[in-house]
Every structure is written in C-alpha cells, then in structure tokens.
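Below: one structure, written as structure tokens.
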Amino acid sequence: MYSIDYRDLGTPPAKADEQVTLEIDGATVTVPAGTSVMRAAALADARIPKLCATDSLKAFGSCRLCLVEIEGRKGFPASCTTQVSAGMNVRTRSPRIDQLRRNIVELYVSDHPLDCDDCPANGHCELQDAAEVTGIKGSRYAPGKTQRGAAPDISNPYFDFNPDLCIVCSRCVRACDETQSTLALTIEGRGFDSRVSASEHQPFLASECVSCGACVEACPTAALSEKSLAQLGQPEKAVSTTCGYCGVGCTLKAEVKQETVVRMVPSRAGAANQGHACVKGRFAYGYATHKDRVLKPMIRKKITDPWREVSWDEAINYTASEFRRIQQKYGRNSVGGITSSRCSNEETYLVQKLVRAALLTNNVDTCARVCHSPTGYGLKHTLGESAGTQAFTSVQKADVIIVCGANPIDGHPVFGSQLKRRLRQGAKLIVIDPRATDLVRTPHIEAAYHLQLRPGTNVAVINALAHVIVTEGLTREDYVLERCEAKSYQEWKEFISDPKNSPEAMESVSGVPAEMVRGAARLYAAGPNSAIYYGLGVTEHSQGTTMVMGIANLAMATGNLGREGVGVNPLRGQNNVQGSCDMGSFPHELPGYRHVSDAIARGSFETAWNVTISDEPGLRIPNMFEAALDGSFKAMYIQGEDFVQSDPNTHHVTSALTAMECVVVQDIFLVETARFAHVFLPGSSFLEKDGTFTNAERRISRVRKVMEPLAGLADWEVTMRLAQALGYPMQYSHPSEIMDEIALLTPTFTGVSYEKLDRLGTIQWPCNDKAPDGTPTMHVGTFVRGKGKFYRTAYVATAERSTSRYPLLLTTGRVLYQYNVGTQTRRTRNLVFNKEDVLEMHPDDAEARGISENDLVGVASRAGEIVVRARLTRRIARGVVYTTFHFPESGVNLVTTENSDWATNCPEYKVTAVEVSKVTQPDAWRERVAAMRAARKGASVSVA
Ligand code: SF4
Ligand code: SF4
Ligand code: SF4
Ligand code: FES
C-alpha cells in the first residue's frame, strides 16, 4: 500500500551513464540506458497501471497489466520488464490495450471484490487504482475459491496478513528476498491455489520473519497491512526524519494524523537505508507516547525523599543554584556533565558548551566512553581521523568482508541486509567472533572462515593474520611506500614477523586453528577489495584500542583504504554516538576532535563563547565516579544516559552516584539512574524536536519535529535555559542556529547548514571548502594525518582469566528486538519477540552443571551475581557463555568487572570470568528491581 506522498515509478532506476531517447505517447523522453519502459513512461507522466511492479524491486512481469504497444514489435510486451532503446515508439493506451487490461483486472477482482469502503487501504490500493483506470467496477467471472474466507494471520504484533485481500503478486516474497534478504516467504501452489506462506505454513510470528515490514510496504493491497493503519486510519501528512535507534541512521517518513504517528515508512531516498528499515525503526516508536513518560520536572532534597513535581523554572533555577553552591564549596571541577548519544548533535554540542562555558570545566564525557572510545583513539593515531572510512553502499563493491566482534543482523539490521545481499552475490566472508552469529551459516550464506576465538584474544588473532600477510609477502609494498610512514612500517613488520605472533604460536591463546587463520589471511590479502566491519566485540576490551590499531595496520599493509569497497568501518551502536563524539563530548577534546591544549582551537571557542576554557582535560566518566567516592566530585548533569544499567560494576556506579550532592537526570522515562537523582528534567523523544543525527558513516541527517514536546520543552531548550540560569548568556531560537555555530567553529563542519541538508538530503563530513557536498570515502589519495602510521600491537592477556572458581568466560551482545538498555524498546510491542535477557551456553557446559533449557541459573563473577534463564545452543563454544543487557532485572553489569581499555577506559564488557549454577529462585537484585518498580508506580511522587 503506497505511502501518502510517494510516486512509485514502477522499477528501480538504471545506473548507466549512457542516455537513450524514445517516444512515449508522442512525447520525447530521455532516460539512462537500461531504464524500463514503465519507468520512462512514469517520468513522462504517462500512467500505466501495474500490480506486480514497484520501484524498490526488480521487475517480475507476472500480472501483465502494464502491457503496452511498441512500434515494430509483435504483441503487447510488459512495460516493466521491457527496457527502453533509442528511437523506440511506445503507446501506453489503445482500445486493444484497454480491453486486455480490463480483462486482467476483472480476473483479479473476481478473487478480490472491490469491497473497499471498510478496507484500511481504501484510496491507497493499487488494485483499486487499476480498477479505476480501466473502468472496472465488478467481475463477470465467478468469485474465486482459493483465497476468500481464509483466516487472517494476526500473530505479528505490528501487521496482519489477510489472505482474502491477497492478489498473489509476490511483491512481498521478493521484498523479503531482495530488500531484507531473509527469504521468509514463498508462494505455494499454482494458479488459483497459489498463496503466500511464511516459513512453510507458520504464522508470521513463529516463522523466520524478523518483522522488518518490507513486505508490508511492498504489498499493493491491504493483504499485508499495519495494525496501526486499521486502528488510526489513513495519515494526513508525512514528515521526513531520521530513526532514533541505531547508528545506521535510516531516513524515515513519519506518516501522521494530526499529531499521532500512524506509521513509519522508510524513505527510498534515504542514503543510508535506501527504502528499508528494521522492526525498531519501522514499528517500535510507541515508546514516545507511552504512559510511563514523565512530563513534569521534579526535585527532591535527598534521594530517599519522594519526588515533588515543580515548574520548569523552579527545577532549572534549583539546579543552577545547587551547581553554583557546590562549585563555591568544593571548587570549579567538582561538577560535570554527560552528553547523550540519543540526543541530537545540536543538543550534545550545547551540553558540552554549558559544561565548558557556563561551568568552566572540561568535565564532560559521553556514553561513547563505554563503547567506541577505542575507535576514536585507535583510528586517529593510525589514520588521522577517528571515524569510519566508508559509506554503507561501499560494501556492494567489497570482494572479501571481515566482520569482527559485530552482529549486524541484530545490531545494525539494515546494514546487515545490505551485507547479506552482497554475500549472496558472491563476496567472501570472514567472521571473527566467539559466537556463531547468524552471518556464519544460514541456508543462504556461509562464511568462508569463522575464527571462533576465546573472548579477550582479538589482538592475538589480528596479529596472527598480519603475521601471515607479512611473512608470506602478501603486503602491498607500493601502497605502503607511497602512503605510510616508512619507519613505523619497518618497525611493525619486524614486530609482526616474530614467530611469537604466528598463527601456530597464537593457536593455544585464541583457540583458533592456525590453518584457518592462514586461510583467512590469504583470502583478505587477495581481495582485491577487502573491507573490515567491526563492533563492540573489538572495542570493549582491555586491549580495545590495540585491536583497533591492529585492524588499521592490516588495512594499510594490504592497501585496503581510500577507495570504495574497502576500509575500516566501526559499526556505531546508538543513533548519534558518532555525532556526540564529533561535538566535543570528550573531556580532552573540543568539537571536531581538537585537543583542549591546542591553543588555536581553544582560542576560537574562547572568542566565540566569551570565556576562558581550561587547557587541562577534564574527568572521564570512571574518573568522575572515583572522584565522587573520594569526595571531590559532587554534581552531575546527565542528559539521556542510564549509567546504572549501562556501565560496568553497578555497585561501584550506584555508590558513586549516592555520594554526590546533586545528580540531575534529563530523560524521557524515570530510568534506573534517576533513582539516584535530586532533579529530574523531562526529556523529549526524537519525534518532538528538530536537529541532526550523525550515523556510523559520518552522515549528518535531519531530525524533524513530528509533534510538540510532550513536556513543553525540547532538550536543547532545557540546556539553554539552564545555562541562562547559571548566568551564562546562551540564546538560540532554533537548532539551525546551533548548527550554524558548530559550522563556524568546526573545520570538518564548515559547509554544513540546514539549508544544504534540506537541499542534498544528507551530508557526510568532512564538509568544507575542499568537499562542499561532503566526503563519502575518507583517506582518498592520502591519509588525513598525512602518512599512515603503523603501531606495534603486542598481545597482552587480560587480567580477567578463567580460574577453577570462575571457569567460564562471559561475553555480551544484543538482540534485534531490543535496543541498548531497553528503555525504549521495552515499552513497545517488541516485548512479544523478546521479553528477557537469557544466558546462552553450550549444552556440554550445561550438562556438566545439571542445567537444562530454561532453567534459572546464577551467574557469579568476582564482582557480583545475577540470575537469568539458560538457553542451550551450540552457537557458543564450550567454556564461553553469552548474554544481553537489555533488561534491568537481569542486572548484567552487576557481574562485569572494572577492567578497562588501557588508552580510553572503555570497560571490558566482553570478558568476565564466571561460574554458572542452577538456582531455584530469583536473586536479590531482581527482587529489588521489582520492588522499586512497584514503589515507582505507587505514591512516590507528591504534587507541589
Ligand atoms: S516483515 Fe520482513 S522478514 Fe518478515 S516476511 Fe516481511 S519482509 Fe520478510
Ligand atoms: S500479500 Fe500483498 S504483496 Fe504479497 S502476494 Fe499478496 S497482494 Fe502481493
Ligand atoms: S534501528 Fe537502525 S537499522 Fe533499524 S530502522 Fe533504525 S536506524 Fe535503521
Ligand atoms: S506490473 Fe508489469 S507485469 Fe505486473
């Protein structure tokens, strides 16, 4: 069912440079060679009815409704499957064509009567359109017998399948194949007996379907249709915005009725997603209006007091007076702020500006500290720029793809689909992961190598791969000679050639057979285009930065940087984690990654902001906690971050928060961290504000307001008013003015403006005089730092080892249906798909402990203990267990340790030595969370 403001041109655009001119209904049309007659006609405003064609899918040619006449050709070819040629003369209407089309529509209508009045697609149905164009109002044929009366499948929480309305055009089947790459659907039977089937007669919910919605969007009728459309009716307008979930940054159209979102439709013009989305972006937006939203500011003197609802003015003035009181008593650096990777660039920029200019300290940090800070450090030092090197589309030119410590099928689903598409076209895959993710083996793809390493041994494996490439002479010496520092290369070569880095020497460390490492190394070096994609399985280690440098070394040594199809690509977790880093959220860096000790950079901000900025880096998040426990750090402004659930060693975090005198939480829900807050400032969701997000490809995209902020103020307005209450003059009337200031002060953003974003759609930074329309591929010709620099990456075993007391290694990850700490997705119907964190363990490890599927198990580490349910699977190697961290009840971070990356303090979430044992009841933490939930629902808020 088509989107309200989209004109479907019938077939995808052709990419050829060559232009072809033809005549359609007497009009001259010029289009790229390879364009279908249907698309050319649509571009010439000729209306050809169609049913099986849509411009997101390859032409199929099954319905025959789009037939045309072409001079000099016999018969009536289908315009969707016929390509244009020079001088072609096409007629889209004639008495004969009209008659043939009428017959076809009549046949369809016999099986799908035009009972349109009560249909959710009424007015937006392509069969209804075809009937109107051909003048068909009913059918002379007997009603068909196959589809009518079949029970609808309402099992999916977001969409229904009504076989009565199905015209068996197979657009859904092809969308699941071509767009999503899941292949959950087939057409079974023949002729009138044919019908759509999900995973061989399963209800959608029980099938392989991952609820991406591509089939729903492709369906020309209401056979597959959003439940929300039936409930709310057709939308009235569409607002183009950017998904508020993951770092893919899909462009979505929020289709709205008054201020209610009826549905989200991925934009076909979206540069990152090209018309696709996943279950989160497309369907799981209901949290924005969930009843748990807190819409009134609240304050309390002590965290044991009940909350008191107050006005915005009172909350903001109270916060400002507390911050000033604390600074006067304990010093300027006794306060700090945390920016949010869920908020916009403009909002994170304002929070760091408030900390630096109004509070006059560099104590600002962001959640990237606990995810991709090693990426920033590692890539900056080796290549000169801390961000990923490619656009997502680059993967379509890759021949060999390494996916290391990432599970894009679950974590970055739309990129995961693009990746699967490329693999199905024949690209080779190397997976480096302790767990057999869905990429390793499915009916449609199989990795050439799965290097199933022990958690914590990434560096051993990357060194072994590099050792093979260097010692077998597989490096690109010409590339390195031209583009990299000779001295660092020689030193690295000597280091990496040492037999102690060989796959054979490292086999006992990593558990990966040496021959597999040798094979994978040769495959990567052979390319010719080899790309590396990696995630938190690389960074969240005590050697996270070392591993990022090892990846950069490997790419430089093989010449795999600086063009399409190659590169080093961190898959960023949250929607704007790239942007929050870009915007100066780290305590040592001003916006644009310029060190606070850089007098020229600092001077430009000092002039613009009319303050003196400290040249000393401020405190990182872990240091803030330590300083709080020491008594020297007393107040924190936390925008959109839930430390208590997301940071390691929960007891340590809660003790630090308890030790502070003023904790200010700005969020859309009363998150776990708010239990330790003295001030709660209601946040606004991505639907309630204007701004920009920057995705994992450095792509800046507009976020547009769909509804007014439910609490009355957008987050940027709250920060601005807080700065004013602190006595610092901060005044903007729209986020575009904040972006103008960012552009003025940040060399990589010089050319960015809302006007240009509206014009171009999106922009990949750097965007400046040298690259006025942005930079899809980094390091073309030369590295940003000049010569690429190799670093020696000695493998150092983590202090966290399995012992007789804690013999298993716990590693963590995420699932498709939940997002981060689950604050948003747990408040959507995604709970139907995933309702708790579970512990995956190998059946042999389970049997040795008397554990069966679904048993409650205690997971104990030297830091703490949790209770979760066991799931037995051979995806995970013996000796390793795996869980997610989406639910506060499971409290996974009670067991993770305080080990962290040597360079950036990024916590070592991915390696914790544990023991697992069967238990019969929930642990104290689970009971505490349940009790707190109950209390929160009760009389803990008193209205002033
Ligand atoms: S929702 Fe997505 S995964 Fe499920 S059947 Fe449709 S296209 Fe396939
Ligand atoms: S469900 Fe929709 S898209 Fe799929 S075959 Fe039926 S009518 Fe076509
Ligand atoms: S969660 Fe990620 S992949 Fe899914 S729609 Fe949003 S941005 Fe796209
Ligand atoms: S639209 Fe061309 S054959 Fe169906």
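Ellipsoid semi-axes for the chain, based on the Cα gyration tensor and the rule √(5λ), read 46, 33, 30 Å when sorted largest first.
In the full protein context, the chain carries 35 Å² of accessible surface per residue, based on a 1.4 Å probe and ignoring ligands, DNA and RNA.
Excluding same-chain neighbours fewer than eight residues apart, the lysines reachable from Lys634 by a Cα-Cα span under 18 Å are Lys301, Lys302, Lys329. Across the options Thr304, Gly511, Thr904, the greatest Cα extent toward the positive end of the charge dipole of the chain (unit charges at beta carbon of Lys, Arg, Asp, Glu) belongs to Gly511. Relative to the longest principal axis of the Cα atoms of the chain, helix 544-557 runs at roughly 50 degrees. Count Lys and Arg as plus one, Asp and Glu as minus one, and take only other residues whose Cβ is under 14 Å from that of Ser334; the net charge is then +1. Once a ≥ b ≥ c are taken as the square roots of the eigenvalues of the Cα gyration tensor of segment 777-831, is the result rounded (a/c under 1.5), prolate (a/b larger than b/c) or oblate (a/b not larger than b/c)? Here segment 777-831 falls in the oblate category. With the convex hull drawn over the C-alpha atoms of segment 261-335, the volume per residue is 198 Å³.
Shown for segment 503-624: the carbon plus sulfur share of the solvent-accessible area, taken with all protein chains present and a 1.4 angstrom probe, equals 54%. How tilted is helix 514-526 with respect to the longest principal axis of the chain? Cα atoms for both, answer in degrees (0 to 90, nearest 10). Once rounded, one gets 60 degrees.
For the pair Ala799 and Lys770, label points projected 7 Å from Cα toward Cβ lie 4.1 nm apart.
What you get for segment 155-306, charging only the Cβ of Lys and Arg (+1) and of Asp and Glu (-1), is a dipole of about 920 debye around the Cα centre. Which entries in Lys50/Lys257; Lys58/Lys420; Lys380/Lys789; Lys397/Lys420 show an alpha-carbon gap greater than 20 Å? Violating the 20 Å Cα-Cα cut-off are Lys50/Lys257. Overall dimensions of segment 684-746, expressed as equivalent-ellipsoid semi-axes from the Cα gyration tensor (√(5λ), whole Å, largest first), are 21, 18, 9.
Gyration tensor analysis over the Cα atoms of segment 1-104 returns equivalent ellipsoid semi-axes of 19, 18, 12 Å (largest first, whole Å).
Determine the sum of side-chain charges near Tyr533: Lys and Arg each +1, Asp and Glu each -1, restricted to other residues whose C-beta is under 12 angstrom from that of Tyr533. Net of charged neighbours comes to 0.
Placing +1 on the Cβ of every Lys and Arg and -1 on the Cβ of every Asp and Glu, with no other charges, gives the chain a dipole of roughly 540 debye about its Cα centre. Taken along its principal axes, the alpha carbon cloud of segment 153-285 reaches lengths of 42, 29, 24 Å, longest axis first.
Apply the Debye scattering formula to segment 568-688, with a single equal point scatterer on each alpha-carbon and no solvent, then give log10 I(q)/I(0) at q = 0.19 Å⁻¹. Those come out to -1.18, one per q.
Each 5 Å bin from 0 upward holds the following percent of the Cα-Cα pairs of segment 52-201: 2, 8, 15, 20, 20, 16, 10, 6, 3, 1, 0.
According to the square roots a ≥ b ≥ c of the eigenvalues of the Cα gyration tensor, what is the shape class of segment 285-396, taking rounded for a/c under 1.5, prolate for a/b larger than b/c otherwise, and oblate for the remainder? It comes out oblate by the Cα gyration axes.
Give me the base-10 log of I(q)/I(0) for segment 491-608 at each q in 0.19, 0.21, 0.22 Å⁻¹, Debye formula, one uniform scatterer per Cα, rounded to two decimals. Each listed q corresponds, in turn, to -1.17, -1.29, -1.34. Computed over the alpha-carbon atoms, segment 58-104 gives an Rg to Rh ratio of 0.95, Rh here being the Kirkwood radius from the mean inverse distance.
Within the shell of other residues whose beta carbon sits under 14 angstrom from the beta carbon of Leu439, the net charge comes to +4, with Lys and Arg scored +1 and Asp and Glu -1.
In terms of packing, defined here as the mean over residues of other Cβ atoms within 10 angstrom, the peptides 23-29, 505-511 line up highest first as 505-511, 23-29.
Counting only protein heavy atoms and a probe of 1.4 Å, the accessible surface of segment 344-430 is 51% carbon and sulfur.
Amide H to amide H distances under 5 Å link Gln764 with Ile700, Thr775, where only residues 5 or more positions off or on other chains count and H is placed in the peptide plane. Considering only His372, Cys116, Leu687, the residue lying farthest towards the positive end of the dipole of the chain is Cys116, judged by Cα position with unit charges set on Cβ.
Highest average first, the peptides 602-609, 823-830, 400-407 ordered by how many other beta carbon atoms sit within 10 Å of their residues are 400-407, 823-830, 602-609.
The values are calculated or read from the model by the stated rules, or taken from the named source; none is laboratory data. This is a predicted model, so every value here is computed, not measured. Methodologically, a virtual Cβ is constructed for each residue, glycine included, from the backbone with ideal geometry; neighbour enumeration extends over all protein chains shown. Surface accessibility is based on the protein's heavy atoms, side chains included, excluding ligands, DNA and RNA. Shrake-Rupley method; radii C 1.70, N 1.55, O 1.52, S 1.80 Å.
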